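Below is one structure, written out as structure tokens, with a few remarks after it.
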Amino acid sequence: DTAVSQTPKYLVTQMGNDKSIKCEQNLGHDTMYWYKQDSKKFLKIMFSYNNKELIINETVPNRFSPKSPDKAHLNLHINSLELGDSAVYFCASRYTGGTNEQFFGPGTRLTVL
Amino acid sequence: QKEVEQDPGPLSVPEGAIVSLNCTYSNSAFQYFMWYRQYSRKGPELLMYTYSSGNKEDGRFTAQVDKSSKYISLFIRDSQPSDSATYLCALAHDKIIFGKGTRLHILP
């Protein structure tokens, strides 16, 4: 199936731990995003990569480090997890030569205890 | 003033009613206007996309853009329980900004 996939779907961890979330898209898109959606459903962009290059880096703590090994993958590594990092993290992708439609993954629900 | 304002709801309406969802924005640079639908525990999916003032219809859904008032709307006719979801407006120029989303409940 053509889609944006994320792993894991659920992540429960202790404060202070380091964790990674992976995203893959097989849509042939050239731009990928990470969003954070908090408990109030507010969807906020964190990072955007175009052809493996960082193009958007919103005000995000430097404990969050994205990495794009190729156009189809965008991973998110989080160091020293804090309670406030608990949220749903969505990966999305888009083809810049088309419309502004972004295709979202199913989300990773991160709970920091 | 925030770039995009959207009432979070929740909005509860009886089945069959016409639903009106709205967003206002402050930046006249926005050129593309979208509505995303997000079901519980799922990612948002694009519902409607417009890039000009006026109306665009797709089945029971109509998107309306008024650039002069910086106001966009989504109308749902003959609402169904399956329309119960969070609806997010999204506006784009060099980047995309999402509204906070409106939670909609259609009561059977």
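What the table shows:
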read-out	value
Cα centroid separation - region A:57-97 against region B:14-31, whole Å	29
Protection proxy ranking of B:83-92, A:95-104, A:40-49, A:7-16 - average other beta-carbon atoms within 10 Å, highest first	B:83-92, A:40-49, A:95-104, A:7-16
Square roots of 5 times each gyration tensor eigenvalue, C-alpha, region A:4-112, largest first, Å	23, 14, 13
Column: log10 I(q)/I(0), Debye, Cα scatterers of region B:4-107, q = 0.12, 0.19, 0.20, 0.21 Å⁻¹	-0.35, -0.89, -0.98, -1.08
Net charge, A:S68 excluded, C-beta distance under 13 Å - Lys, Arg +1, Asp, Glu -1	0
For residues of A:38-44, the mean tally of beta carbons on other chains within 10 Å	5
Principal axes of the protein assembly as shown: Cα extent on each, largest first, Å	48, 40, 38
Formal net charge of residues neighbouring B:Y25 (Cβ-Cβ distance under 15 Å; K, R +1; D, E -1)	0
Under Karplus coefficients 6.51, -1.76 and 1.60, residue-wise ³J(HN,Hα) of region A:21-31 in Hz, glycine/proline x	10, 10, 9, 9, 10, 10, 8, x, 6, 10, 10
Accessible surface, per residue, of the protein assembly as shown when the full set of protein chains is kept, probe 1.4 Å, Å²	50
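The values are calculated or read from the model by the stated rules, or taken from the named source; none is laboratory data. Worth saying up front: this structure is predicted, and the values here are computed from it rather than measured. No Cβ is skipped: glycine too gets one built from the backbone with ideal geometry, and neighbour counts run over all protein chains shown. SASA here: full protein model, heavy atoms, side chains in, ligands and nucleic acids out. Shrake-Rupley method; radii C 1.70, N 1.55, O 1.52, S 1.80 Å.
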